[in-house]
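Below is one structure, written out as structure tokens, with a few remarks after it.
Any read-out appearing in this document is the output of simple, stated calculations on the displayed coordinates, not a laboratory observation. Here the structure is a predicted model, which is why all the values come from computation and not from measurement. Methodologically, a virtual Cβ is constructed for each residue, glycine included, from the backbone with ideal geometry; neighbour enumeration extends over all protein chains shown.
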Amino acid sequence: MPFCLRRVLALAGLLFALSTVHCQAIDLPPAQHLSTADAQGWTEQDRQHWYHTSAGSQLIPYDWFVALVDDQLEKTFDQTGVLSDPTREDRLPVGLSEPKSPSPSSSPTGLNCAFCHTTQFTYQGKQMRIEGGPSLQNNQQFLNALMERLGALLSPDMPTLLKNLKELNPPERFNTFATNVLNRRGEGVTAHTLTKLAMDVATFTQALISRGGRDLSPARWGPGRFDALGRGGNTVFTPLNPDNLRPANAPVSVPALWGVWEYDWVQWAGSIQHPLARNIAQVIGVNAGLFAWTQKPFLGPLSEDYKFHSSVDIEALKQLEHLARRLQPPQWPKVFPPIKQEVAVRGRDLYHGNKSKGIPNLCAHCHVAKQIKTPSPNGPSLQVTMIPQHEIGTDSLYLENFSRRTVDTGPLGRGRLSAKDASQYVTSEILGRDNHAADNPDYAFRTNEWRDWPQYIARPHVAIWATAPFLHNGSVPNLYELLSPAKDRHSCFYLSPNMEFDPQYVGYKVIECDPTAPGPPGGFRFETYLPGNANGGHEFTNTPTCNGPTNNGVVGCELPVEDRMAIIEYMKTCDLDRRVIRGAPVCRDLE
């Protein structure tokens, strides 16, 4: 038996086994979107650019994806939290890109910014979508659903499928897919074209499974979490040397985008300074063909341009960055219970402190960033506060993985580097191939410097009400628990796409884990005892030293319930927006 056919047969068996790992069906309420996008400063055209502009990542051939998606698969995607875009005839979900090529059949669709930075949740049976917020989609379930559908094309077994294709008698599922793809490409439906397409699907799916297997532990991420540094490092650096593979076992919540342009450092660890370098890292981390040459035989020396060739579209990244800069944070929706003005004013005093009333500053000393004295007109304007991990006391695995990781650069010839230095090196090389980077006023003021310090960003609280769950790893379901002693936080709760919003405690309705009963359909069990999931730290609790500086995660003494609720009421307002975003609309929540 030829070697390539043996590989295809083995793949068919793997896909058959994979098909048992599927998303549990759930019935979601009808989509009655209460979109706040009009109040966020975007037009419908802006939104479509955000949803579907390709920055160069490559997931699957566009014509394959369009041919695969039917009512059932679209419903399955919805159940994984991938958001639909009803304006698209081709059924591209939010965050999957349009082809860049004039010939769509020869172009891939891939993930763009909107895939992670568009949020949707449920309130009283209706769905609310917010642009720029943290997605609640379950990435692993989405990829599983895609691979299951591809695997079904190759069933019941590869020899039978190939025999039927040669006789022009393909199974109905494969025939529907192949006819759609081949017609789009202007190719005839023949035994040759059908067989070639089947072999292409098998080879591609094998590569997709292999790429997903590099992450080693994505099934534990759940909705709205990614180990971006772990997965990105595996995608980028494993082709240079298989020994560069590491577990991607420290997922973090997707951060919101509002006002991020104003920060001098970004990411939960404050690890990246240059916004374009950060976006390049994101694109190559979800596959932009970087270092594809390592999989091909090549004779002779490698040119520098060839070494760093990829599908990254820097001009598209710049367009998306400018679009994100125009996005305004969402304001507390009118369909929610109205903000209690007197309580919010009391919360503002607690948040910022009020010396005349003898009220200490509980939050602002960390979460209100310092203004840079002479900022560039193009940013940044804010020096964000970074807190050492030993002081804030939150889970450290994310920081440890990045700071301890090293990379063998192999054929790049740079020896073994820290993950920080390797990431800085690669993104700088790609940036250096942008002909307009040096004279671009938006980026000339920032250097591409990375760092791996043991610290977390005290993220400014712009529209924090729309960013649950909380802490960097998403281990706390609402603001009330975040302001409570750690012993009073849930150690296990369920997450799922389209979570029910809780306007009282601000976050998601807590569905507790019951060991004697199954969880809700499609629910992800968030267990805080697992590595990377700890929910301790950032704690207001009574200890002998709670009034002074500590190194054990205690940030203050236990707050009376009424003080917690007052701070929460204040954080529903847009008062914090104007402290971050230059030119933010006038806030009238506290008038």
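Just a few scattered comments:
- With the highest mean first, a sort of the peptides 352-361, 127-136, 199-208 on other beta-carbon atoms found within 10 angstrom per residue produces 127-136, 199-208, 352-361.
- The simple spin-label model puts a point 7 Å past each Cα toward its Cβ; for residue 210 and residue 292 those points are separated by 1.4 nm.
- Amide N proximity, the range 444-484 versus residue 588 label position 7 Å along Cα-to-Cβ, cut-off under 20 Å: 463
- Here's the picture: a label point sits 7 Å out from the Cα of residue 386 along the beta-carbon direction, and within the range 451-479 the residues with their amide nitrogen under 18 Å of it are 451-460, 472.
- The range 144-166 residues near the modelled residue 191 label - backbone nitrogen below 14 Å, point 7 Å along Cα→Cβ: 162-166
- Rounded if a/c under 1.5, otherwise prolate or oblate - the range 461-579, Cα gyration tensor axes: oblate
- Between residue 354 and residue 307, the modelled labels are 6.1 nm apart [label points 7 Å from Cα along Cα→Cβ].
- Amide hydrogen neighbours beyond the local backbone of residue 470, cut-off 5 Å, H modeled: 475, 476, 478
- Listed candidates (i) 68, 65, 54; (ii) 77, 59, 54; (iii) 86, 55, 44 - label of the one calculated as Cα extents along the principal axes in Å: (iii)
- Dipole magnitude of the range 75-147, debye to nearest 20 (Cβ charges: Lys/Arg +1, Asp/Glu -1, about Cα centre): 120 debye
- On the beta carbon distance between residue 179 and residue 73, with R0 = 25 Å, the FRET formula returns roughly 0.90.
- The range 502-591: chymotrypsin sites (Phe, Trp or Tyr not before Pro) in DSSP loop, at most 15 other beta carbons within 10 Å: 529
- Counting DSSP beta bridges with both ends in the chain, the antiparallel % (nearest 5): 90 percent
- Percent RCO, i.e. relative contact order, over the chain, from Cα pairs under 8 Å lying at least 6 residues apart: 16 percent
- Evaluating 6.51 cos²θ - 1.76 cosθ + 1.60 at θ = phi - 60° for every residue in the range 494-499, the Karplus couplings come out as 9, 10, 7, x, 6, 4 Hz, glycine and proline recorded as x.
- For the set 75/126; 100/318; 126/334; 357/487; 163/196; 373/420, the pairs lying more than 20 angstrom apart at their alpha carbons are 357/487; 373/420.
- By the count of other C-beta atoms within 10 Å, a proxy for reagent exposure, 374, 550, 80 are ordered fewest to most as 374, 550, 80.
- Amide H within-cut-off set for residue 555, under 5 Å, with H built and near neighbours excluded: 539, 540, 541
- Cut-off under 5 Å, modelled amide H: who pairs with residue 500 long-range: 122, 509
- Multiplying the residue separation of residue 89 and residue 504 by 0.36 nm and removing their Cα-Cα distance gives an extension gain of 145.5 nm.
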